[in-house]
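Colleague: Would you mind keeping the following structure in view while I ask a few things?
The values are calculated or read from the model by the stated rules, or taken from the named source; none is laboratory data. Because the structure is predicted, anything quoted here is derived from the model rather than measured. When we count neighbours, we look across all protein chains shown, and the Cβ atoms used for this are built from the backbone with ideal geometry, even at glycine.
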Amino acid sequence: MTDLRTALPPRTEVVAFLQVAGVYLAIAALLVFNLVFTPNFATVTNLRLQLVQVAPVAIVAIGMALVIASEGIDLSVGATMAITAALLPLYLGYGVWVAIVISLAAGLLVGLVNGSLIAFAGMQPIIATLGLLVAGRGLALVFAEGRLTEIFDPTLNTLGNSAVLGVPISVLLALVITVAAGVAVHRTAFGRRLLATGGNRAAATLAGLPVKRTLVTVYVLSGLLAATAGLLTTARQGASDPSFVGLLIELSAITAVVVGGTPLSGGRVRILGTLMGALLMQLITATVIQQNLPDSAARMIQASIIVAAVYLQRGRGAS
Amino acid sequence: MVATRTEVSTRERRWRPDRAGAPIVLVLVLIGGTVLFGDSFASGQNLRNIALDSSYLLLIATGMTFVILSGGIDLSVGSLLALAGVLTAYGAQWGSLVAVALPLLVCAAFGLVNGLLIGRAMIAPFIVTLAALLFARGLAFAVSSEGNTVHIIPADLLLTRIGQASWLGVQAPVWFALVAFGLGWVLLNLTRFGQAVFAIGGSQEATELMGLPVARVRILVYVLSAALTGMAGVLIAAQTSSGLPTIGEGRELEAIAAVVIGGTLLSGGAGSLSGTLAGVLLLKVIQNLINQVGTLTAYYQQVVSGTFLIVVVLVQLRLARRRRR
Amino acid sequence: MIEVRSVRKHFAGVRALDGVSLSLHAGEVHALVGENGAGKSTLIKIITGVYRPDGGELHYRGEPVAFARPRDAQAAGISTIYQEVNLVPLRSVAANLFLGREPVNRFGLIDYRRMHRDAHEMLTRYGIAADVRGRLGELGLGVQQMIAVARALSTEARVVIMDEPTSSLEPREVDLLLGVVAMLRERRVAVLYVTHKLDEVFRACDRVTVLRDGRVAHSGPVAGTTRLRLVATMLGRDIDEVRRHGATTFGDEQRDATGAPLLHAEGLSRRPLLDDVSVDVHAGEVVGLAGLLGSGRTETAKAVFGADPVDAGSIKVGGRRARRWSPAAAIRAGLGMVPEDRKAEGLIADLSVRDNIVLAALPRLTVAGFLSERRQAELVDTFVKRLRIKISHPGQKVRELSGGNQQKVLLARMLCLHPKVLILDEPTRGIDVGAKAEIQALIDELAGLGLGVLLISSELEEVVEGADRVLVLRDGAVVGTFRGDQVSEDRIMRTIATAAEDDDD
């Protein structure tokens, strides 16, 4: 029979505007607030610190944004970071580059498992990646025997703590990844397939697109990016800490994506918005800390922002 | 009106590997454990440890079973466990009643907000409860001055005396968990509310068309889950005489794993509390056995839980697909 | 019992119901028929309180009523049985029968023994043999539908509305259901029976109302009408003056199909939807699939294109048989399909017109994985011009276009692949007259260029004037083939209307 869907309720223009520009407004507001009220905010040291801290989250969030665009979710990113961190010191003996390649390969493998479970076995993304969240962190701790291992490697130290033209390498990397993801989404066949698959899987299948391959690819990318983030974090800390690296980062990443204006319903993605979303969450944490509010307050504010953002995004995908 | 097809109307219960799986594996593991480790596994003290360890998880997983059966998920339970523990210890300065009532009420309030956002505002359960996970953990730290203050529950408090008591050789938390589990079983299987939970998970649309109060049931399910978690938190605090804001991380995953391993469909609509009980025991016994093997670290527990979860869901998908043919 | 008086309903400017009146009496089975979009669903939803009418009145047992939601209508004694079984497959039969009103003992706990006994009694009363403890989902769809009926009746319903209850049932399950309908009539229940199967109208119903384009096209006793007349009314054709609506834009020339077929599908079966359907399409030939809704038109198209699995059958394109058949394989082999449901299966609403057009042609438009802006622009430009798609710019979101232009976008998506055979499922449904004429002319033009076309349409004139050969489908099987001069609306309607008993074994 005919499907006479009732039209979307008319939304106030304010809400529509907030969905698109909210994250930029919030960042601007926080910047102004800090410039006025926070001493030593506008120093190079402080700004660089904020950027270095946000880089791993931003990298993971970009991968998450791609996964969400495919109408999925990846909860295993934190565990992937832990695996990377755990593997790094184990293979340093074979040379730093071997260790780096192996830890990145581990991220790829996690993504491959996630993607296969979802695309071929038809598992819900949330449960497949939840399984790897639990098993992955455990595996990392098994590899590392639960220990924090200090790492003294000049290459990793450079990667984690050096800067090019005053910009930290990790920040550069995050920027490069953002640009690459933007290009991939808007200028490549893969990006088009990704948005089509997330937007309307039935139509994508009927148009002859390789839907399953696209899904696997997107989880592999997410795994690789998480591994990169794990690498950077470990390099910066000069220690492999599989118990804590990337803990709860899936939440920060999802928040960054949603706050950045990407709906959870798939088919649309805002790469730059995601970067800004990550930056916003970092600024909130920084502000809270610099105003001498406790860390717990930051969490509660973050939680409220997630719900508010999703509530505002809700219904944008449904039409 | 004669072309009636005779359906198989025998009473025999069809063999359901997805349901019988957990109890059978549990028995096998118990036998295996006894054979391999003898007394160090099958000793009264070790079994008591397993029982105590299982009791908290059973409480949480009982609530989680309702949530999952209704087609939802509750990721906030791990943090709520910590919050409840901290609030118990914090409230203990005003006596046992406050120490129990405060955490239970706060947790129920969390469940209510979760439920309202899910059932009325129609936000995806995993996002709502993820936010609650963050919020509750934040609150737990805030109450305990960022983890710097550890409230101690006085040993002479009634709560402590009950919480650390034993009866017939079985610790109090185990009794509490069993009673809650029994009441939960009755609620799920013998009341209209329970039937509605199953029906909503099976098909929310059909249930709505049949005229059931879908939103109300969905809200209550999250309140129940949060309240049972709160109870577990109170019992842990009473057992350890303190409330730490750091406990319970990853408990939500353990509870989900127990429920799913117990044969409850993650998509909702089918499953059982008895399966959850088997799932809880199975997880805890395996964890105990891993501890028994000297060469294996405790971290293998997580590897086994996660792998188990994925394998069970894969088997469920396979069975569902075959049944559809 | 129920009287609907000149009810009107609009959806976002689209007229769904326009002054529809209908009265339903106790002890009477009233058939409601009409093609897609005629307004059947809307009318039911107004009666059951899902929608509110924009105008007109609803009277129930002599009093004006307005149900706010389905629960209220149910409480008042109006039960609805939906096309898709709306029960919970994972629950037991008894649980489904009693959901929300389970018998309880004095402690408020469910009395399973009583529930099972009552359920068993209830089913026996309607001649359904099923284990009341077994999962509902494990029963056949027919039995499930019967259980839905039993549930609806157990609420002391005075009015039962059945919305295409037999659309997924097997013949013997249909018999069972019609038996229950007869039983309801004896009990003085008023039944509104929505269907598109004429057999059922004549077997089970007393009165019939035909809806077309939101208006009542005919209403009267079943005894006073004929199958042919009903088909004609449903399709909006007058038997005596078939060409009243004017001609389509299809040309007159007759193309003769010779040589090996481009597409050869044989013995496609998928119970209970498709039963041994074979279709050939030759180069330059337009093959029409005619039949009422649910006769297997769309199912045939989807099976040929690899979008739905089949139990049996083989498909050859250009004489070659593909091993693993999927839409991607079909496209590689040279097929193209524009699906029936534009929104659900065709458009990617969030993407632009350009992105939607080039979607299937991506591999040809990339250099090392990067999309060539130039090639995309050329392709889009070519087809926007050729199909005269009205857009402000190629980056415009496809959701902003009119139905006709959206349809052209989907056509362009397939045409830019240069397919050998194009499957068009309802290519002109729900689009304006101008676009419709353009698309019809385009089909003609394409066939002239040597393309094979499989055309599905519920508009008879489109099939008759557009196709060189017409296959008539009924109940998932081909029941007639006409070619050349034999193709006429009259013949097709007669074939559709032929009683199923004629070819029953």
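Colleague: What about C:Gly369, is it in contact (Cβ under 8 Å) with a residue 60 or more places away in the chain and either of a type in the set (Gly, Ala, Ser) or surrounded by fewer than 20 Cβ atoms within 10 Å (Cβ to Cβ) (or both)?
Modeller: No: the conditions fail for C:Gly369.
Colleague: Continuing with the same structure: Mind listing just one residue for me: the one in the range C:291-305 that is over 16 Å from C:His264 (Cα atoms) and of a type in the set (Ser, Thr, Tyr) and, of those, farthest from the other protein chains (Cβ to nearest Cβ)?
Modeller: C:Ser295
Colleague: Right, next: Given the options A:Thr129, A:Thr149, A:Thr80, name the one that is under 30 Å from B:Glu252 (Cα atoms), in contact (Cβ under 8 Å) with a residue 24 or more places away in the chain, of a type in the set (S, T, N, Q) and touching a Pro at 6+ places or on another chain (Cβ under 7 Å).
Modeller: Being under 30 Å from B:Glu252 (Cα atoms), in contact (Cβ under 8 Å) with a residue 24 or more places away in the chain, of a type in the set (S, T, N, Q) and touching a Pro at 6+ places or on another chain (Cβ under 7 Å) holds for just one of A:Thr129, A:Thr149, A:Thr80, which is A:Thr149.
Colleague: Has the range B:173-195 got any residue that is closer than 30 Å to C:Ile81 by Cβ, away from every other protein chain (no Cβ under 12 Å), in a helix (DSSP H, G or I) and of a type in the set (Gly, Ala, Ser)? First the steps, then the outcome.
Modeller: We begin by selecting, within the range B:173-195, every residue closer than 30 Å to C:Ile81 by Cβ; these are B:188-195.
When the remaining residues are screened for being away from every other protein chain (no Cβ under 12 Å), the result is none.
Checking the range B:173-195: not a single residue is closer than 30 Å to C:Ile81 by Cβ, away from every other protein chain (no Cβ under 12 Å), in a helix (DSSP H, G or I) and of a type in the set (Gly, Ala, Ser).
Colleague: Still on this structure, I have one more. Could you go through the range C:303-312 and let me know if any residue there is among the charged types (D, E, K, R) and within 19 Å of the chain's Cα centre (by Cα).
Modeller: yes
Colleague: Quickly run through the range C:180-193 and pick out the residues that are at negative phi and surrounded by fewer than 20 Cβ atoms within 10 Å (Cβ to Cβ).
Modeller: Scanning the range C:180-193 gives C:Ala182, C:Met183, C:Arg185, C:Glu186, C:Arg187.
Okay, residues lined up against (1) outside any loop (DSSP other than H, G, I, E, B); (2) among the acidic types (Asp, Glu); (3) at pLDDT below 90:
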{"site": "A:Gly146", "(1), (2), (3)": "no, no, yes"}
{"site": "A:Phe152", "(1), (2), (3)": "no, no, yes"}
{"site": "A:Asn157", "(1), (2), (3)": "yes, no, yes"}
{"site": "A:Leu175", "(1), (2), (3)": "yes, no, no"}
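Colleague: Hey, does the range A:238-257 have a residue that's buried (at least 24 other Cβ atoms within 10 Å of the Cβ) and either of a type in the set (Phe, Trp, Tyr) or free of Cβ contacts under 8 Å to residues at least 60 places away in the same chain (or both)?
Modeller: Yes.
Colleague: Here is a further query. How many residues does the range C:347-366 contain that are of a type in the set (Ser, Thr, Tyr) and either touching a residue at least 12 places away in the same chain (Cβ under 8 Å) or outside the structural domain of C:Cys416 (by TED's automatic domain parsing) (or both)?
Modeller: Total meeting the criteria: 1.
Colleague: Among B:Ala215, B:Ala255, which is the only one that is closer than 20 Å to B:Ser79 by Cα and either out of contact with any strand residue (DSSP E or B) (no Cβ under 8 Å at 6 or more places or on another chain) or touching a residue at least 24 places away in the same chain (Cβ under 8 Å) (or both)?
Modeller: None of the others qualify; the one that does is B:Ala255.
Colleague: Take residues that are hydrophobic (A, V, I, L, M, F, W, C) and closer than 30 Å to C:Leu293 by Cβ and tell me which of the helices (runs of 4 or more DSSP H) falling wholly in the range C:344-441 contain 3 or more.
Modeller: In the range C:344-441, C:403-415 are the helices (runs of 4 or more DSSP H) which contain 3 or more residues that are hydrophobic (A, V, I, L, M, F, W, C) and closer than 30 Å to C:Leu293 by Cβ.
Colleague: Before we move on, is C:Val367 within 12 Å of chain A (Cβ to nearest Cβ), among the β-branched types (Val, Ile, Thr) and more than 23 Å from C:Ala437 (Cα to Cα)?
Modeller: It is true that C:Val367 is within 12 Å of chain A (Cβ to nearest Cβ), among the β-branched types (Val, Ile, Thr) and more than 23 Å from C:Ala437 (Cα to Cα).
Colleague: Mind listing whichever residues of the range C:151-179 are in contact with a Leu (Cβ under 8 Å, 6 or more places away or on another chain) and surrounded by 20 or more Cβ atoms within 10 Å (Cβ to Cβ)?
Modeller: C:Arg151, C:Leu153, C:Val159, C:Val160, C:Ile161, C:Met162, C:Pro165, C:Thr166, C:Leu169, C:Glu173, C:Leu177, listed by residue number.
Colleague: Being modelled with pLDDT under 90, in contact with a Phe, Trp or Tyr (Cβ under 7 Å, 6 or more places away or on another chain) and either within 8 Å of another protein chain (Cβ to nearest Cβ) or part of a loop (DSSP other than H, G, I, E, B) (or both): is that true of B:Ile123 here? Reasoning before the result, please.
Modeller: Details: modelled with pLDDT under 90: yes; in contact with a Phe, Trp or Tyr (Cβ under 7 Å, 6 or more places away or on another chain): yes; either within 8 Å of another protein chain (Cβ to nearest Cβ) or part of a loop (DSSP other than H, G, I, E, B) (or both): yes.
Yes; evaluated as a whole, the condition is true for this residue.
Colleague: Within the range B:137-160, can you find the residues that are within 12 Å of chain A (Cβ to nearest Cβ), surrounded by 18 or more Cβ atoms within 10 Å (Cβ to Cβ) and under 14 Å from B:Gly243 (Cα atoms)?
Modeller: B:Arg137, B:Leu139, B:Ala140, B:Phe141, B:Ala142, B:Val143, B:Ser144
Colleague: Which is over 20 Å from B:Ala255 (Cβ atoms) and in contact (Cβ under 8 Å) with a residue 40 or more places away in the chain, of B:Ser76, B:Ser96?
Modeller: After ruling out the rest, the residue left standing is B:Ser96.
Colleague: Let me ask another. Would you pick out the residues in the range B:233-274 that are touching a Phe, Trp or Tyr at 6+ places or on another chain (Cβ under 8 Å), within 12 Å of another protein chain (Cβ to nearest Cβ) and assigned to a loop (DSSP other than H, G, I, E, B)?
Modeller: Correct list: B:Pro245, B:Gly269, B:Ala270.
Colleague: Of the conditions (1) within 30 Å of C:Leu410 (Cα to Cα); (2) away from chain B (no Cβ under 14 Å); (3) in a helix (DSSP H, G or I), A:Ile118 fails just one. Which one is it?
Modeller: A:Ile118 satisfies all of (1) within 30 Å of C:Leu410 (Cα to Cα); (2) away from chain B (no Cβ under 14 Å); (3) in a helix (DSSP H, G or I) except (2).
Colleague: Confirm whether B:Leu117 is part of a helix (DSSP H, G or I), surrounded by fewer than 19 Cβ atoms within 10 Å (Cβ to Cβ) and either in contact with a helix residue (DSSP H, G or I) (Cβ under 7 Å, 6 or more places away or on another chain) or aliphatic (A, V, I, L, M) (or both).
Modeller: no
Colleague: So, one more: Condition check: modelled with pLDDT under 85, among the hydroxyl-bearing types (Ser, Thr, Tyr), closer than 30 Å to C:Gly434 by Cα and crowded, with 17+ Cβ neighbours inside 10 Å. Does C:Thr233 satisfy that?
Modeller: yes
Colleague: Separate question: State whether the residues of the range C:118-131 include one that is within 23 Å of B:Val217 (Cβ to Cβ) and in contact with a helix residue (DSSP H, G or I) (Cβ under 9 Å, 6 or more places away or on another chain).
Modeller: Checked the range C:118-131: at least one residue is within 23 Å of B:Val217 (Cβ to Cβ) and in contact with a helix residue (DSSP H, G or I) (Cβ under 9 Å, 6 or more places away or on another chain).
Colleague: Regarding the range A:289-312, can at least one residue be identified that is of a type in the set (Phe, Trp, Tyr), buried (at least 20 other Cβ atoms within 10 Å of the Cβ) and either within 12 Å of another protein chain (Cβ to nearest Cβ) or not in a loop (DSSP other than H, G, I, E, B) (or both)?
Modeller: No - not one qualifying residue is present in the range A:289-312.
Colleague: Let me ask something additional. Taking the conditions exactly as written (within 12 Å of another protein chain (Cβ to nearest Cβ), part of a loop (DSSP other than H, G, I, E, B), touching a residue at least 12 places away in the same chain (Cβ under 8 Å) and crowded, with 22+ Cβ neighbours inside 10 Å), does C:Asp308 satisfy them or not? It would help to see each step written out before you state the result.
Modeller: Numbers: within 12 Å of another protein chain (Cβ to nearest Cβ): yes; part of a loop (DSSP other than H, G, I, E, B): yes; touching a residue at least 12 places away in the same chain (Cβ under 8 Å): yes; crowded, with 22+ Cβ neighbours inside 10 Å: no.
It is false that C:Asp308 is within 12 Å of another protein chain (Cβ to nearest Cβ), part of a loop (DSSP other than H, G, I, E, B), touching a residue at least 12 places away in the same chain (Cβ under 8 Å) and crowded, with 22+ Cβ neighbours inside 10 Å.
Colleague: If you don't mind, another one. Can you confirm whether the range A:147-157 contains a residue that is within 13 Å of another protein chain (Cβ to nearest Cβ), more than 24 Å from A:Leu264 (Cα to Cα) and out of contact with any strand residue (DSSP E or B) (no Cβ under 7 Å at 6 or more places or on another chain)?
Modeller: Yes, the range A:147-157 has at least one match.
Colleague: Which of the residues spanning the range C:311-344 are more than 12 Å from chain A (Cβ to nearest Cβ), of a type in the set (Gly, Ala, Ser) and in contact (Cβ under 8 Å) with a residue 24 or more places away in the chain?
Modeller: Selection gives C:Ala312, C:Gly313, C:Ser314, C:Gly318, C:Gly319.
Colleague: Wholly within the range C:130-229, which helices (runs of 4 or more DSSP H) include no fewer than the required count, namely at least 2 residues that are within 12 Å of chain B (Cβ to nearest Cβ) and closer than 26 Å to C:Arg117 by Cα?
Modeller: C:141-154, C:171-186
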